[in-house]
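What follows is a single structure, written as structure tokens, with notes after it.
The values are calculated or read from the model by the stated rules, or taken from the named source; none is laboratory data. The structure displayed is predicted, hence computed values, not measured ones. Cβ atoms come from the backbone with ideal geometry, glycine included; neighbour counts cover every protein chain shown.
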Amino acid sequence: MTQTFAIRDEFIPFSPPLIEADDIAGVVDTLSTDWITTGPKTRRFQEVFCETYGAPAALAVNSCTAGLHVALVVLGVGPGDEVITVSHTFCATANVIEHVGAKPVLVDIEPETMNMDPAAFEAAITPRTKAVIPVHYAGHSAEMDTINAIAKKHGIHVIEDAAHPISGKYKGAFVGSSENPTSFSFYATKNLTTAEGGMLTGTPEFIEKARVVHLHGMSKDALKRYEKGGSWKYEVVLPGFKYNMTDLQAALGLTQLAKLDRFQARRREVVSQYSKALGDHPAFTIPVEKPEVESSWHLYVLRLNLDQLTIDRDQFIDELKERNVGTSVHYISVHLHPFYAQKYGFSPESLPVTWDTYNRIISLPLNVRITDEEVAYVIGALKDIAAKYTR
Ligand SMILES: Cc1ncc(COP(=O)(O)O)c(C=O)c1O
């Protein structure tokens, strides 16, 4: 007799943040100071970020998207230029290329890591290629030695989309410790959150230019103008943006950063529970961590082996929802969105590995709050669905 799966009453959310008493106290303390926008806390957050991850220099911004946009502007990318990136990413990676008037050239991914395929990058280079934006998907570093070497050979800037890999490493070095402009995200679902926010890292020279671009193109920020000894005078040297982080966000960033190791340890426990239980299952392909990489495990992206199942990915997600399990799909490939498909004439199959991957991926609940019991329940739900719809 087949056992029936007992559906729990409470929904298991995909990625709620963990905001604790110290986080709340930090924000409340900041509210009672005279400085609530970009000021001493933001400066401190930048310093601690550099100390922790070995970044040459850092600029706190109000999103990873803003950091990517600023990087393109500082590097002088504009109309007539091409920027190579992946389609297997969040739309922001490509949107910023459109914002500067350049052309996003979308390339395919490696099946194993779901990161940019360096060979596809090299094949897409033209005389107009000005930059490449690899994405460290799910927190697993892209193949940076190869990508950097190809970029150097062709005189192309490398900007790293580091929305996911905070605290992750490639060949023993933290993502963000290189001289490449690198943009992190502290969005609500990220490993470290400031609700909205980001950190742009790079060389001190790059960050000085980025500082001007990220705040109206002003030669001096508010702290330099309003603190004791400051002067009200400033000059606008270019038409910049309004991308600064507030001290309220930085206060949250500081307390979250101080305990990120604990958060990461819990993420890894959850990951190993999933991988141990699902690794041998014929209906699933589990995510990899290559020997030279330490993933931040921002996402646990399970791939369905559709030839083993009678339902597709969307139906599988509906079945999980019926069992009160919250999941997500990271991401709807950029080349499938109408704006990009129509403007550049993509069909879904234009990028075969991306298309195949998109149809198979489900991001499982992965966060610091999920309990072992809930992880076991998610595993049970996955196996129950796979058994019910086995081919
Ligand atoms: C790969 C990738 N790039 C960029 C972003 C944009 O980050 P933000 O929301 O901080 O602008 C995200 C956000 O989820 C992302 O996943």
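Go over the candidates Lys242, Lys220, Lys276 one by one and state the one that is of a type in the set (Lys, Arg) and without any contact (Cβ under 8 Å) to a residue 12 or more places away in the chain. Break it down stepwise before answering.
Working: Lys242 fails: without any contact (Cβ under 8 Å) to a residue 12 or more places away in the chain; Lys220 fails: without any contact (Cβ under 8 Å) to a residue 12 or more places away in the chain.
The conditions single out Lys276.
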Self-check item: Members of region 348-364 that are surrounded by fewer than 19 Cβ atoms within 10 Å (Cβ to Cβ) and within 20 Å of Glu82 (Cα to Cα)
Solution: Ser350
Practice problem: For region 210-217, indicate whether the set of residues that are part of a loop (DSSP other than H, G, I, E, B), within 12 Å of the ligand (Cβ to nearest atom), of a type outside the set (D, E, K, R) and in contact with a Pro (Cβ under 9 Å, 6 or more places away or on another chain) is non-empty. | Solution: no
Quiz item: Using beta carbons and a limit of 7 Å, which pairs, at least six apart or on different chains, have the first residue in region 49-78 and under 13 Å from His157 (Cβ atoms) and the second one away from the ligand (no atom under 12 Å from the Cβ) and among the basic types (Lys, Arg)?
Solution: Val74/Lys209; Val77/Lys130
Self-check item: Every residue from region 295-314 that is more than 15 Å from the chain's Cα centre (by Cα) and touching a residue at least 24 places away in the same chain (Cβ under 8 Å)
Solution: Leu302, Arg303, Leu304, Asn305, Leu306, Asp307, Gln308, Leu309, Thr310, Ile311, Asp312, Arg313
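Among the residues of region 336-391, what is the count of those that are among the polar types (S, T, N, Q) and either part of a helix (DSSP H, G or I) or at positive phi (or both)? I'd like the intermediate steps shown before the answer.
Residues of region 336-391 that are among the polar types (S, T, N, Q), as a first pass: 342, 347, 350, 354, 357, 359, 363, 367, 371, 390.
Restricting the remaining residues to those that are either part of a helix (DSSP H, G or I) or at positive phi (or both) gives 342, 350, 354, 357, 359.
Here the count works out to 5.
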Exercise. Starting from region 15-37, take each residue that is over 25 Å from Thr371 (Cβ atoms) and list its partners that are β-branched (Val, Ile, Thr) and in a loop (DSSP other than H, G, I, E, B), counting only C-beta distances under 8 angstrom and pairs at least six apart or across chains.
Key: Thr30/Ile36; Ile36/Thr246; Thr37/Thr246
Quiz item: Of Lys190, Lys152, Lys169, Lys130, which residue is within 12 Å of the ligand (Cβ to nearest atom) and modelled with pLDDT of 95 or more?
Solution: Lys190
